[in-house]
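The structure appears below as structure tokens.
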Amino acid sequence: MKIKKVRSISFKLTLWYIAILTIILILAGVFLYQGFRVNLVNEMDETILEIANEVYDSWKWHRGVTWEEAILETKEEFKVHRPFIQVVKFDDDEKEVMGVIQAGEKRGEPLVLDTRTYCKAERADIDELVYLKVKEKKLSAYPLRLVLLPGKDPYIVQVGISFEETAMALRRLMIIMVFAGLLILGLASAGGNFIIRKALKPVQKTVSTAKEITADDLSLRIDSENRGDEIGALVNTFNEMIARLEKSVKKIKQFSGDVSHELRTPLTNIRGEIEVILRKDRKKEKYQNTLKSVLEETYKIEKIIDDLLFLSRVESAEKIKFKKGVLLDEIVLRVVESQEQSSKEQNVELVIKKLKSYPIKGNESLLERLVSNLLSNAVKYTPSGGKVEINMEKKDSSLLFSVMDTGVGIPQESLPYIFDRFYVVDKSRSRETGGTGLGLSIVKTVADIHGASVNVQSQKGQGTAFQVRFPLS
Ligand code: ADP
């Protein structure tokens, strides 16, 4: 099995930080070193040129001064640089070195360069003098920086100084840079790590709080400390998510409590009736009556389970996009037909006021359930002699379907809850009518997945009007 190495973000960020900083420091070091080196070489060039000029001037401007004297005098003047001075006698026509003049030179043999270099030096202007770097082990362990200054023909003043000092200075610079670089890297990575950890601290806090949050306790929230940054936004999003979860879990708990309670009532009734009838021998009719009432209770249980299954099916289909157009007026007519019998039995008049035909996108059987629940409620809660009116018309870009009755009405304080599952206004009445308190939840859920809204207006004792507004595509 492959083991995945877990590295913290702060560790990774610090590594990145060190890597980038190292690259920057190396680049800066290279630029600094090169700049310093070029500067030092320029300084050397200035010095050797100054020395060469001095030798030449001493010889040229002081009558009777020999080259040897001029060299010795200049060497004395510039002794801190320990210059290597010689005057080369060069025949430009023959391209031949005729002799080399040295004075007080303890470093041995003269340094004779190739004739091409002397030719070039001989012809050079003042601004294009020949500078060169020469390695001559016999003279010095370090290379020499040389300048060739053409004097009066056939003399060329050749002055050099050792790279020793420059090399030492560069080495010192290198050592300082390496130490300074390491120090900067160390300090910067410690500081960077500290800052990164500080910035990520709320994330750690979020993690530890998140660990404490369980389905049993969703009341915990993470303190965003009023941060307006990305972490604050993350914490707020997380808190909102937990709040939504808390709400859902509460709803689920409430729902399962309600379901058990609603199923328990008919089951208790069944058990009670059976226990009573079994206490002693009874007549056949008594048994039949009990069985009838047991059957009714089982119908109720069946209805509750059917409704719940229907709701869960509809809710899981919440994201469906309906493609088929259905005609609501046809559905309404079908439902009215199926309920005519029961409304007649209750002496409630069913009236269709207007029924406009417009196709809406939806599912036929779900919409049939919506219409049927509203209509059966209207009939159920309207006393004998009352009226239920159905209306369907187009308004703006919506299709309005309404069911109005002259029934018992719903008290104002109950209106906000009537779409809740298992909510019934009058428990004893619902028991009589066989209501489960799920009818309007189904209406609301079906309306929701069709993008429709449901409105209710009611006056206690006078009647109720439900209106569903379907968007017309
Ligand atoms: P039930 O199965 O009990 O009818 P519903 O969810 O369909 O459950 O309705 C919830 C409650 O709303 C009912 O108990 C009832 O009191 C009230 N209600 C619904 N429709 C009407 C109506 N047309 N007139 C008066 N009350 C109504």
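Quick notes on this one:
- Neighbours by Cβ (under 6 Å, 6+ apart or cross-chain): first from region 437-456, open to solvent by 20 Å² or more (accessible area, probe 1.4 Å); second in a strand (DSSP E or B): 444/454; 451/471; 453/469; 454/468; 455/467; 456/466
- Subset of region 442-473 (residues that are at pLDDT below 95 and among the β-branched types (Val, Ile, Thr)): 442, 445, 446, 449
- Of the residues making up region 289-314, not one is among the hydroxyl-bearing types (Ser, Thr, Tyr), over 15 Å from residue 259 (Cα atoms) and modelled with pLDDT under 90.
- Only listed residue being farther than 11 Å from residue 158 by Cα, surrounded by 15 or more Cβ atoms within 10 Å (Cβ to Cβ), in contact (Cβ under 8 Å) with a residue 12 or more places away in the chain and assigned by TED's automatic domain parsing to the domain that holds residue 75, chosen from 103, 121: 103
- Yes/no for residue 285 being at negative phi and open to solvent by 100 Å² or more (accessible area, probe 1.4 Å): yes
- Residues of region 124-141 satisfying the condition of being open to solvent by 60 Å² or more (accessible area, probe 1.4 Å) and in contact with a Pro (Cβ under 8 Å, 6 or more places away or on another chain): 133, 135
- Selection status of residue 424, closer than 18 Å to residue 368 by Cα and either near the ligand (Cβ under 8 Å from one of its atoms) or modelled with pLDDT of 95 or more (or both): no
- Being assigned by TED's automatic domain parsing to the domain that holds residue 164 and in contact with a Leu (Cβ under 9 Å, 6 or more places away or on another chain) is a condition met by at least one residue of region 54-77.
- Residue match in region 419-442 (condition: farther than 24 Å from residue 344 by Cα, in a loop (DSSP other than H, G, I, E, B) and among the β-branched types (Val, Ile, Thr)): yes
- Condition met for residue 350 (part of a helix (DSSP H, G or I) and not hydroxyl-bearing (Ser, Thr, Tyr)): no
- Residues that are modelled with pLDDT of 90 or more and touching an Asp or Glu at 6+ places or on another chain (Cβ under 8 Å) within region 130-141 comprise just one, 131.
- Some residue of region 448-460 being in a loop (DSSP other than H, G, I, E, B) and within 12 Å of the ligand (Cβ to nearest atom): yes
- Residue within region 459-470 that is in contact with an Asp or Glu (Cβ under 6 Å, 6 or more places away or on another chain), farther than 25 Å from residue 313 by Cβ and crowded, with 22+ Cβ neighbours inside 10 Å present: yes
- If you go through region 343-358 and keep only what is open to solvent by 60 Å² or more (accessible area, probe 1.4 Å) and either within 16 Å of the ligand (Cβ to nearest atom) or touching a residue at least 60 places away in the same chain (Cβ under 8 Å) (or both), you end up with 346, 349, 358.
- Here 180, 190, 167, 199 are screened, and the one residue that is out of contact with any Phe, Trp or Tyr (no Cβ under 9 Å at 6 or more places or on another chain) and either within 30 Å of residue 55 (Cβ to Cβ) or touching a residue at least 12 places away in the same chain (Cβ under 8 Å) (or both) is 199.
- Here the condition is being closer than 21 Å to residue 47 by Cα, open to solvent by less than 50 Å² (accessible area, probe 1.4 Å) and not in a loop (DSSP other than H, G, I, E, B); of 97, 80, 88, it holds for 88 alone.
- Qualifying positions in region 252-295 - part of a helix (DSSP H, G or I) and among the acidic types (Asp, Glu): 258, 262, 273, 275, 285
- Among strands (runs of 3 or more DSSP E) entirely within region 359-418, having at least 2 residues that are open to solvent by less than 30 Å² (accessible area, probe 1.4 Å) and within 16 Å of the ligand (Cβ to nearest atom) singles out 387-395, 398-405.
- The one condition from (1) part of a loop (DSSP other than H, G, I, E, B); (2) in contact with a Leu (Cβ under 6 Å, 6 or more places away or on another chain) that residue 158 does not meet is (1).
- Qualifying positions in region 222-236 - under 16 Å from residue 206 (Cβ atoms) and open to solvent by 80 Å² or more (accessible area, probe 1.4 Å): 223, 225, 226, 230, 234
The values are calculated or read from the model by the stated rules, or taken from the named source; none is laboratory data. Just so it is clear, the model here is predicted, and its values are computed rather than measured. Positions of Cβ are generated from backbone atoms using ideal geometry, with glycine treated the same way; all protein chains shown enter the neighbour counts. Calculation scope for accessible area: heavy atoms of the full protein, side chains included, ligands and nucleic acids excluded. Shrake-Rupley method; radii C 1.70, N 1.55, O 1.52, S 1.80 Å.
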